[in-house]
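Below is one structure; the comments refer to it alone.
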Amino acid sequence: MIVADLLAADTLQLRLHTPSSADRLGWDISWCAPAETIDPTPFLSDNVLLLTNGIGLNIEDQRTWTAYVERLVRVRVAAIAFGTGTAHRLIPPGLVQAASALDVPLLEIPRSVPFLQVHRHVTNVLQVERYTAVNRSWELAQECAQLAASGSHLQVILDAASQAVEGDLAIVDAAGSVIARSPAAATWSESDLADVPVEAGHGSIPLPMGTGDSFQLIVRNAVSDHPASTLLAPAASIIAVQLQTALHTTTHKERELEVLLDQVPDWAGVALEEFTASFRATGLDVHGPTLVLAATTGRRNLANAWRIRLLLQARFGDVRVQLRSGILYAFAQGPLDGVGPDRAAERFLTACVRDLPDQALVVKGPCHTIDELRLGIHQAGTMVGTVRKPQRAPDLGIRALIASTASSGARVAAHKLLAPVIAYDEVHSIDLVRTLEAFLGNDAQPGRTAASLFIHRNTLAQRLAKLEGLLQLSLTSLEGQATCLMALQILRSQASPAL
């Protein structure tokens with residue numbers, strides 16, 4: 001019920017005495033309260049309709065009328081309904097002036113209309129509205145429950161709730177980060193989330209997670225006939241369950257995933273058959289195309305781990321997620337919506353670019369064989385430390401290929417080649433190994449290498465000359481650069497910092 005509804009009720013015969021705007025007449029009325037004191041605010045709350053005959057308001061000074069209305073504004077009174085004919089034959093001009101200046105609708109209740117009639121009208125309308133809202137809220141909850149039971153992912157349920165309130169919804173974590181939203185194209189700024197206004201069409205509803213996680217369902221710009229908080233309260237429980245499901249279904253088989261990731265870099269010790277058995281133990285299909293993902297995690301982008309889970313679940317039927325050494329690894333199979341694995345991978349990457357533009361994230365695949373999958377996990381895990389945004393890993397990665405194909409003889413040879421450089425670094429503080437890595441990582445371009453190391457080009461030239469002497473090969477030739485690149489990669493793969 002809004003203020004304008006009172007004016008439209010012919011039986012009440014109310015008349016507006018202030019030039020109130022359509023927005024102001026559109027304020028909700030939560031209840032009505034008779035009050036005859038000069039300061040009724042201790043007994044009032046937001047959106048109340050104040051009923052008064054003005055018995056205790058024999059005021060001559062305009063400043064007193066202004067102070068009276070100012071107090072009502074502070075408690076967000078929806079309107080003042082002033083009864084004439086009992087204590088005042090007409091509405092006092094001072095009250096009209098103060099209400100007009102402070103934009104509070106002032107309604108006149110004529111002598112012929114009892115206060116009780118206005119009170120009953122408001123109460124009856126509010127009861128009908130609340131009954132209708134409660135019924136609609138449970139209908140929405142049932143709709144969301146049916147969607148959840150049919151296997152629909154969280155985004156579908158959130159879209160249904162958004163359509164019901166005819167507004168924008170966002171799920172926000174304890175840090176104030178949006179992890180899911182509807183419509184998907186809606187944008188939410190920090191100011192939208194910092195202080196949710198308490199007014200029609202806005203609100204914040206806690207999600208009953210039953211765990212240590214804290215999430216809020218934020219409503220914005222809702223235009224439904226029913227209060228958004230009432231309409232969404234039962235559905236919030238369904239949304240909370242879906243969030244818990246997103247966590248549990250993607251993180252089960254943790255021990256099996258841990259074993260799998262342990263085996264990835266151990267090319268010499270773990271045969272492909274053993275790796276296949278470990279992959280089968282995770283519950284995934286060894287013959288199914290598998291999307292591999294690696295993303296960095298940290299305090300700054302902690303909420304992105306939830307976003308990644310939800311984006312994966314929106315597009316794949318079977319998802320596994322494991323956090324390891326600051327990197328989130330994910331495996332996804334069974335594309336939804338009737339699309340093929342390649343198309344599903346493209347859609348997922350597009351969604352990541354849109355929703356997580358600053359997240360270091362690498363997508364590999366879909367991988368169609370176990371050996372391709374193993375290479376893909378290694379490639380994504382090592383590559384994610386070098387990117388700053390979502391991107392797809394190339395079909396062939398030289399570093400993963402070198403690590404996987406190097407024989408025991410090649411590993412010994414790599415150690416022998418780099419041993420003089422490592423020994424030199426142990427005695428001196430120059431760090432020639434890092435210099436060599438930076439030189440190769442910058443495509444053997446001295447200018448870029450010097451800039452990345454924050455040294456002068458002459459200093460770099462001296463270091464490269466020292467490296468050539470220790471390595472006994474030329475760093476200006478492609479063969480020499482390739483040899484060093486392979487040796488470094490073999491050395492790093494045995495350390496396996498990413499996995």
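Things worth noting here:
- Taken over the range 21-57, the criterion of being hydrophobic (A, V, I, L, M, F, W, C), within 17 Å of H119 (Cα to Cα) and assigned to a loop (DSSP other than H, G, I, E, B) is satisfied by I29, A35, L44.
- Condition met for A8 (surrounded by 13 or more Cβ atoms within 10 Å (Cβ to Cβ), at pLDDT 90 or above and not polar (S, T, N, Q)): no
- Selection of helices (runs of 4 or more DSSP H) fully inside the range 430-499 by the criterion of at least 2 residues being open to solvent by 40 Å² or more (accessible area, probe 1.4 Å) and either over 28 Å from T296 (Cα atoms) or in contact with a Leu (Cβ under 7 Å, 6 or more places away or on another chain) (or both) returns 457-471, 478-495.
- Filter pass, V319 being more than 21 Å from P366 (Cα to Cα), surrounded by 14 or more Cβ atoms within 10 Å (Cβ to Cβ) and hydrophobic (A, V, I, L, M, F, W, C): no
- Within the range 101-141, the set of residues being within 17 Å of T52 (Cβ to Cβ) and aromatic (F, W, Y) comprises F115 only.
- Condition check for V104 on (1) closer than 27 Å to V223 by Cα; (2) of a type in the set (V, I, T); (3) part of a helix (DSSP H, G or I): one failure, at (3).
- Of all the criteria given as (1) open to solvent by 30 Å² or more (accessible area, probe 1.4 Å); (2) assigned to a loop (DSSP other than H, G, I, E, B); (3) in contact (Cβ under 8 Å) with a residue 40 or more places away in the chain, the one not satisfied by T18 is (1).
Table: residues versus (1) within 40 Å of the chain's Cα centre (by Cα); (2) open to solvent by 40 Å² or more (accessible area, probe 1.4 Å).
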site	(1), (2)
P110	no, no
N124	no, yes
Q163	yes, yes
A180	yes, no
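- Residues of the range 65-72 include none that is in contact with a Phe, Trp or Tyr (Cβ under 7 Å, 6 or more places away or on another chain) and hydrophobic (A, V, I, L, M, F, W, C).
- Candidates V292, V286: the one that is over 21 Å from L328 (Cβ atoms) and touching a Phe, Trp or Tyr at 6+ places or on another chain (Cβ under 8 Å) is V286.
- Within the range 385-398, residues that are at pLDDT 80 or above and surrounded by fewer than 16 Cβ atoms within 10 Å (Cβ to Cβ) reach partners that are part of a loop (DSSP other than H, G, I, E, B) and not hydroxyl-bearing (S, T, Y) with beta carbons closer than 8 Å, at six or more positions or on different chains, in the pairs G385/A360; G385/A498; R388/D358; R388/A360; K389/P357; K389/D358; K389/Q359; K389/A360.
- For G56, the test of being farther than 30 Å from G203 by Cα, touching a helix residue (DSSP H, G or I) at 6+ places or on another chain (Cβ under 9 Å) and among the small types (G, A, S) is failed.
- Qualifying residue in the range 82-90 (condition: over 19 Å from G56 (Cα atoms), aliphatic (A, V, I, L, M) and not in a helix (DSSP H, G or I)): no
- Count of the range 347-374 residues which are open to solvent by 50 Å² or more (accessible area, probe 1.4 Å) and either over 16 Å from the mean Cα position of the chain (by Cα) or not β-branched (V, I, T) (or both): 9
- Residue list for the range 52-79, restricted to those being open to solvent by less than 10 Å² (accessible area, probe 1.4 Å), over 45 Å from the mean Cα position of the chain (by Cα) and within 21 Å of S30 (Cα to Cα): T52
The values are calculated or read from the model by the stated rules, or taken from the named source; none is laboratory data. Just so it is clear, the structure is predicted and the values come from calculations on it, not from any experiment. Quick reminder, even Gly has a Cβ in these numbers, built from the backbone with ideal geometry, and neighbours come from all protein chains shown. Accessible surface is based on the protein model in full, side chains and every heavy atom, while ligands, DNA and RNA are left aside. Shrake-Rupley method; radii C 1.70, N 1.55, O 1.52, S 1.80 Å.
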